[in-house]
Amino acid sequence: MPYKKNIEALAKRNPRLAQIVDSTKLTGRYVVAPSQRKDRLPSIVDVKYNKNFYNNIDPYRVAEQDIKSRKLNVPDLAVFLGFGLSYEVHEYIRNCPSARILIIERDPELLKTTFSTINCTDLINSANIYFAGCEDIRMSYPVIFNFFNITANMYYLKAINVVEQPLSFAVNKDYYLNSLKMVKEAINQVLLLYGNDPYDSLLGIKYTLRNIPIIIDYPGIADLKDVFKGKPGIVVASGPSLNKNIKLLDGLREKAVICAADGSVKILKHHGLAPAHLVTSLERVIQTSYLFEGLTEEDVKDSYLAACPVVVPETYANFPGEKIIVYRNFATFEWLDIKKGILDIGPSAGNMAFKVLEYLGCDPIIMIGQDLSVTDDLVTHAEGFHSGGDKISINDIIEIEGNYQEKVKTRPFYKQFLLHYERDIATYKGTAINATEGGAKIHGTEIMTFQEAIDKYIKDDIDTTATIKKHLKHIKYKEKEKQIKETLKKLYHAKNVCDKVTAICSEGLEKCAVVEEILRRTDVNPKDDDLTTYKKNMQLIGEIPQRFATKDFYLILMHYVQSIYIKVLQDINSIKYKQDDGPERDVLLLLKYKELYSVLISLIKKFVDELNVSIEIMEKFKVEFAARKEDNKKEN
């Protein structure tokens, strides 16, 4: 029986789904019987509906004809709705071995029956194949999102092949239609995460480069990895429900690790409470720095700004306490290679607070003030936030499921934060508790009041402040000096990389011009020598993006140009997906390649301007640091 091997393999890839399948009882709904093929390949019948998934003559031939009948100009990415006996998926992979596939199956009993019949470990163990479903499809959102968030998959988001297992789809139509809605939502969130404006991405890189002196001067979150393993952590966000339970934080500072989103700092002060141990911040706008204006050293005593260096320098300057550097999972920080600790941080400071506490080893993590919604009278924040609230228009409102109400009002970007929370909680190995006492429902959390959470989980003293101070490492002058020199080398090298990429793009535009001239002169019908030259140049034009597949391009430029780069390659694959081969298709492709190469040249020019400014800042910092080093020697 192949079941044991299949379920063990699935437990490594998707433990939650494996548990659901393994705990499902076989009721006899699905009957497997050998077919009339010489190898007796099995077929399967749904007894409830008296329907055969394939036929008894040659079940694999049915799947083979199904895949053959589909238009697969670009077969690289597919979503399978229903798994059957795996024949459709196996045939698809036979035609396209490198395909990346998301399999959504509604019925765990069917999946268990198949796993008991067919050895599917080749599919389950494949890094290109993800399994989801067998429960409320919303609970599978993290798996679906992670599948489309793979870089290689992003280029094909407009060329997805949807393959329905006919009987499964007919029986569970509503479930699979809702699955497609979840697929669409996941794709939208992936696109939002990667942005649609390269100049917005440039801001994050710009401020990171400006903040390199801060990065070098302060310790990183890596120093605190797992130092609070098994200890309770509290995320303090600034939602309006915080008014109900914020006073319960009094006296918990040495019993739990308190991590507050930046918008909560003045709220804590407003209520006369001690500051949080850690304050998260990641917004790259000047308004974020205003959240700390007017604070004194006493207001943030023994509190650390755990900010991502994409914030404006004023955010660091306005916080009058100590700092801890927390990298987001961006290639820019990998390129800098100044070790501080990289976390997979979501889009909000609240998301960031959760990931910080997880990194510190906290369990459980208790969330308060994380409404992710607005009140009925459209108040967005608790008392003490700015002037007491952030009023919005009713036109900015959508509805989602609530913790204590069937529906609550929210804003589209709050929903984005919520979906990322659900992703984070799906992979968190501890207990996540939503003690917000209002607001939106975050699937995967336990709901209880903050007082109930305190009574159950927060009991012992843990000397939080002293533990943080003990583990944060002092960075020696020699190490800082080395980092300054190496960073300057990287900045100069980045300029050289930009020059090389610009030259490649210019070459691409030249070849585009050759093809355009041939198409113009031959009225889009090249022949003989023109046809040979045309085909050769079209091939070279299409191969140029492969020359960007270098580590330097990925680390230095990709985060900046990814919105336009990914979008254009999506459009290119979409054209290939929808259009048959020929000059008419090539005209559309040519326009897209021209757009890619010309926009990259323009973007890189602006990036080089930023590199020049950063080089100037770092050269100045190098001189100032040398003077600081000399002063320190004299004092000692």
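The values are calculated or read from the model by the stated rules, or taken from the named source; none is laboratory data. Computed from a predicted structure; not experimentally measured. Note that we place each Cβ from the backbone using ideal geometry, even for glycine, and neighbour counts take in every protein chain shown. Accessible surface is based on the protein model in full, side chains and every heavy atom, while ligands, DNA and RNA are left aside. Shrake-Rupley method; radii C 1.70, N 1.55, O 1.52, S 1.80 Å.
Some points to look at:
- Measure of compaction for the chain (Cα Rg per 2.2 N^0.38 Å): 1.10
- For LYS469, the solvent-accessible surface computed with a 1.4 Å probe is close to 110 Å², ligands and nucleic acids excluded.
- Cα centre as origin, Lys/Arg/Asp/Glu Cβ charges: the chain dipole, Debye: 1400
- Ranked order, SER506, SER289, SER69 - accessible area, probe 1.4 Å, largest first: SER69, SER506, SER289
- Computed over all pairs of different Cα atoms, the Kirkwood value for the hydrodynamic radius of region 422-527 is 21.8 Å.
- Here the peptides 324-337, 393-406, 614-627 are ranked by packing, the mean other Cβ count within 10 Å, and the order with the highest first is 324-337, 614-627, 393-406.
- Element breakdown for the chain at a 1.4 angstrom probe: carbon and sulfur atoms account for 50% of the accessible area.
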